[in-house]
1. Criterion first (closer than 28 Å to LYS164 by Cβ, of a type in the set (Phe, Trp, Tyr) and in contact (Cβ under 8 Å) with a residue 40 or more places away in the chain) does PHE62 satisfy it?
2. Take the conditions over 15 Å from CYS158 (Cβ atoms), of a type outside the set (D, E, K, R) and surrounded by 17 or more Cβ atoms within 10 Å (Cβ to Cβ) and apply them to ILE118. Does it pass?
3. Specify the residue that is nearest to ALA108 (Cα to Cα); the eligible residues are those in segment 118-135 that are in contact (Cβ under 8 Å) with a residue 40 or more places away in the chain and in contact with a strand residue (DSSP E or B) (Cβ under 9 Å, 6 or more places away or on another chain).
4. Before we move on, is ASP132 crowded, with 19+ Cβ neighbours inside 10 Å and either farther than 15 Å from MET29 by Cα or among the charged types (D, E, K, R) (or both)?
5. If ALA112 satisfies all but one of (1) closer than 14 Å to ASP149 by Cβ; (2) crowded, with 21+ Cβ neighbours inside 10 Å, what's the number of the condition it fails?
Amino acid sequence: MSKITNAPSINEDKINLARACIEHRATWMALTFEEMEKNGCDAEKITRAAIKKCGNIHGLGFKEKCENPESARDFATAFLPVDGKKNFEIDIKEVDDDNLKLEFHYCALVNAWKKLGISDEKIALLCDMAMDGDRGIAESMGMTLDLTDTIAKGCSTCKLHFHK
């Protein structure tokens with residue numbers, strides 16, 4: 001039985017549509033990963049590289065939107081629009097020029113992987129690979145991302161700390 005609890009508390013049409021798109025992306029990711037594994041590829045290495053590259057691209061886009069790209073506070077404004085915060089039910093726990101600490105209370109990617117019947121262990125791996133996108137964003141912003149708790153590991157939230 002799964003130890004993962006992941007239920008949304010926000011139910012809005014626009015947010016549900018965005019979550020469906022995120023689930024679609026997560027489904028592609030998982031199925032592509034599984035097909036690479038079946039075909040003898042180094043699926044984890046390939047997936048991590050592609051996702052990190054995507055994160056780097058998005059990170060450069062966020063950097064362009066920042067008035068001061070050296071500020072984690074400005075990054076938070078670019079990275080976390082209102083609907084984006086609602087999609088993952090994000091609470092900003094701390095923000096200043098050097099730190100951005102976030103808690104995610106829901107994850108549409110995890111929801112997609114659970115719908116596919118993927119094991120908790122593999123969901124945790126898929127989650128960590130997906131987080132390479134956020135690590136790439138942090139890298140492009142000149143920051144580091146520390147990830148502690150994750151919903152995919154059975155925690156109640158995902159805790160992210162972007163910092164210089």
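Laboratory data are not the source of any read-out in this text; all were calculated from the coordinates shown. Everything numeric in this text was worked out from a predicted model, so none of it was measured. Reconstructed Cβ throughout: ideal geometry from the backbone, glycine too, with neighbour counts over all protein chains shown.
1. Values: closer than 28 Å to LYS164 by Cβ: yes; of a type in the set (Phe, Trp, Tyr): yes; in contact (Cβ under 8 Å) with a residue 40 or more places away in the chain: yes.
Yes; evaluated as a whole, the condition is true for this residue.
2. Working: over 15 Å from CYS158 (Cβ atoms): yes; of a type outside the set (D, E, K, R): yes; surrounded by 17 or more Cβ atoms within 10 Å (Cβ to Cβ): yes.
Yes: the conditions hold for ILE118.
3. Result: ASP134.
4. The answer is yes for ASP132.
5. ALA112 satisfies every listed condition except (1).
A quick yes/no check of all residues on (1) touching a helix residue (DSSP H, G or I) at 6+ places or on another chain (Cβ under 7 Å); (2) loosely packed, with under 12 Cβ neighbours inside 10 Å:
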residue	(1), (2)
HIS24	no, no
ASP42	no, yes
LYS52	yes, no
GLU64	no, yes
ALA72	no, no
ASN99	yes, no
LEU102	no, no
HIS105	no, no
